[in-house]
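Here's the structure we're looking at; comments come further down.
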Amino acid sequence: MSPPGMRRAIFSETVKEKLSITGIPKKSAQFHEQPSVLFLLPGRAYVFALFLWNFAGRQNDIQGFGGPLNGNWISGIGPVDDLLIGSQEKLPDEMKNAPSRNTYFLLPLILGLFGLCFMSSAT
């Protein structure tokens with residue numbers, strides 16, 4: 001385990017390397033620049049999946065690499081899920097009833113977008 005100062009230095013160097021990859025001038029990364037580094041890197045798909053896991057639903061808690069059985073976001077709406085990852089009808093019962101399988105039927109996403117539109121029109 002490295003001391004806290006060493007971890008901070010390692011993190012700082014990692015951020016500087018990512019900034020040089022993304023084309024942002026290489027300098028000490030400020031707090032407001034760090035989220036932009038996250039969205040400029042190939043992790044965009046991962047951030048999008050995390051967003052949809054929280055607002056649409058999650059298939060399971062196993063890391064997936066693009067396959068139809070692990071790590072996808074699901075809506076709980078049959079036709080939508082069939083288009084995205086294929087039919088979920090033939091899954092084993094242990095996968096269908098897993099505690100990590102969440103289906104929100106896109107309600108949090110729809111309500112959030114509705115609230116965003118309402119708040120933006122209220123000003």
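Where a number appears in this text, it was derived from the coordinates with a stated rule and is not lab data. Model, not experiment: these values are computed from the prediction. Reconstructed Cβ throughout: ideal geometry from the backbone, glycine too, with neighbour counts over all protein chains shown.
A few remarks follow.
- Inter-label distance, nm, simple model (7 Å from Cα along the C-beta direction), Glu94/Leu116: 3.9 nm
- The range 57-123: trypsin sites (Lys or Arg not before Pro) in DSSP coil with no more than 10 other Cβ atoms inside 10 Å: Lys90
- Annotation: amide H-H contacts under 5 Å for Asn72 (H modelled 1.01 Å from N, sequence separation of 5 or more, or interchain): Gln59, Asn60.
- Remark: spin-label model distance Gln30-Asn54 equals 2.5 nm, labels positioned 7 Å along the Cα→Cβ axis.
- Here is the list for the range 51-123: chymotrypsin sites (Phe, Trp or Tyr not before Pro) lying in DSSP coil, each with at most 16 other C-beta atoms within 10 angstrom of its C-beta, are Phe65, Phe105.
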